[in-house]
Amino acid sequence: MFCLVCSFFFFFKMNKNSSNTMALAPNTSNKRETVCIFGTGDFGRALGHKMIQSGYPVVYGSRSTQISNLIPKDAEVLGHAEAAQKAAIIIIAIQRQHYNFLTPLAEVLRGKVLVDISNNLKLNQYPESNAEHLAQLLPGSKVVKAFNTVSAWALQSGTLDASRQVFVCGDDVAAKEMVMNIVRALGLTPVDKGSLLAAQEIENYPLQLFPMWKFPIFLSLGLTAFFFLYCVVLDIIYTYIYEKNDFSFFIAITIPNRVCPVMALILLALVYLPGIFAAIIQLYRGTKYRRFPDWLDKWMQCRKQLGLIALAFASLHAVFTLVTPLRSHISLQQALNNKTEPLDHTKAWLSDSYLALGILGFFLFVLLGITSLPSVSNNVNWREFRFVQSKLGYLALILCTAHTLVYGGKWFLSPSAYKWYLPNIYILSLIVPCAVLVVKFVLIFPCIDKRLTQIRQGWERNPKYSKQSNYGLGGTALRNRALPPSIVCPPLISDPR
């Protein structure tokens, strides 16, 4: 019995010691594989430093094996052939015009994963992408395109919020997965773009300068210039010719404070107008499986930008309105008149009403802008997002239109408001939003809304004709459908309302 107890105690002690030894032993299974980087430029050094921080052994392949002060101190610098033999993944951090030196290394690089991170100076600079050109030079290697959308400055400073996504493409699935694991280890988000055919698109991406903002900005600048000159003609030139009054100082605050609300209202209406067109087209065609016209498709894609520009104009209008009573010439004129007028309750009601409508409309406007932030939109579900962007968005349009109607309604029937037979600027600003609201009111009639809902759920008036016009379910087929009329376009394209 004593021997049995001693044996059990000895076995327990040995098992405990062995478990402690295993716990203290280093875990070699999580050791990172060595990564080779060809090129010691800014991006190559920044990427190597980031990899070393993430636990990757890094070896640089360079023409000069002398260690520079700029190279990360924990990295090794060797010749190209010797460095390539130490790693299965080689990052090519050099420009396309220098790829020729890789040809003599074809045997050393055979079977290796080559990560092309290069960019060009202009869009579609070459017939084929840099990654495809590299694959043609080294057919025995596995080429993957990645990291070209991340800047060296972002890697060094750690400010990767604006460029956290890394587009990855390649023909070899295993090689692509190895690169995506490195991307994740660096704290970035890999986005699989498919085969190497997508490399051209990925290389063009960093060269695009606000691609979705061009149309909204040009449209806003054109409308702003038109309405500004329109106000100059009516408020300054006309007054100077017929009344001999010089109101040129209106250019500083008064005219901008008229143009900004007009622009905000029109642009907000233009956010919702394509949804109206999409609903009408679907009702006319009797199907949702046919592509919208290109102009409507592009219009829908830039509605977020139109809404944000409208919010900027609304904010400027709020600031100008607060500044207007502080101008010295207005206060001086009121003091010189020295008149006491009786309270006009009608004017008081109108004044308070349009101010209240403007405040509420601006509040909802800001709410729409806040929900456009990714940090906010990612924390709400689809129904909540649609409620804010669609239901509250239309309510904001109604309030802003009512604000303009109450404020500028007095000019509709006043002959003196039509200088040179031209309508006041506020009358012009109401054309688009009123048209949008009237048509939307018609579309929500039960008889029309029911049929529109059936179409969006897959019903077709002429299935045979619609199937012939359908062009697939993937890629650009999603362009068949419209986005909800929101300031922010959601990730799923499903509802043109």
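What follows is calculated from the coordinates using simple rules that are stated; it is not laboratory data. None of these values were measured; they are calculated from a predicted model. FYI the Cβ positions are ideal-geometry reconstructions off the backbone, even for glycines, and counts take in every protein chain you see.
The Cβ shell under 14 Å around Tyr238 holds other residues with a net charge of -1, Lys and Arg each +1, Asp and Glu each -1. Summing Lys and Arg as +1 and Asp and Glu as -1 over all other residues whose Cβ lies under 15 Å from the Cβ of His80 gives a net charge of +1. Only beta bridges with both residues in segment 32-207 are counted; by DSSP, about 10 percent of them are antiparallel. As a rough footprinting exposure proxy, the listed residues Ile182, Ile431, Ile281, Ile37 were ranked by other beta carbons within 10 Å of their own, and the order from fewest upward is Ile431, Ile281, Ile182, Ile37. Sorted ascending by nearby beta carbons within 10 Å, beginning with the fewest, Thr321, Thr453, Thr287 become Thr453, Thr321, Thr287.
Packing around the peptides 139-149, 259-269, 240-250, taken as the average count of other Cβ atoms within 10 Å per residue, puts them in this order, highest first: 259-269, 139-149, 240-250.
The convex hull drawn around the Cα atoms of segment 32-207, when projected onto a plane and averaged over every direction, covers 8.9 nm².
Counting only residues at least eight positions apart within a chain, or on another chain, the aspartates and glutamates with an alpha carbon under 15 Å from that of Lys122 are Glu201, Glu203.
State the Kirkwood hydrodynamic radius of segment 148-297 in Å, one decimal place, computed from all pairs of distinct Cα atoms. The partial results should precede the final answer.
Values: mean 1/r = 0.0479 Å⁻¹.
About 20.9 Å for segment 148-297.
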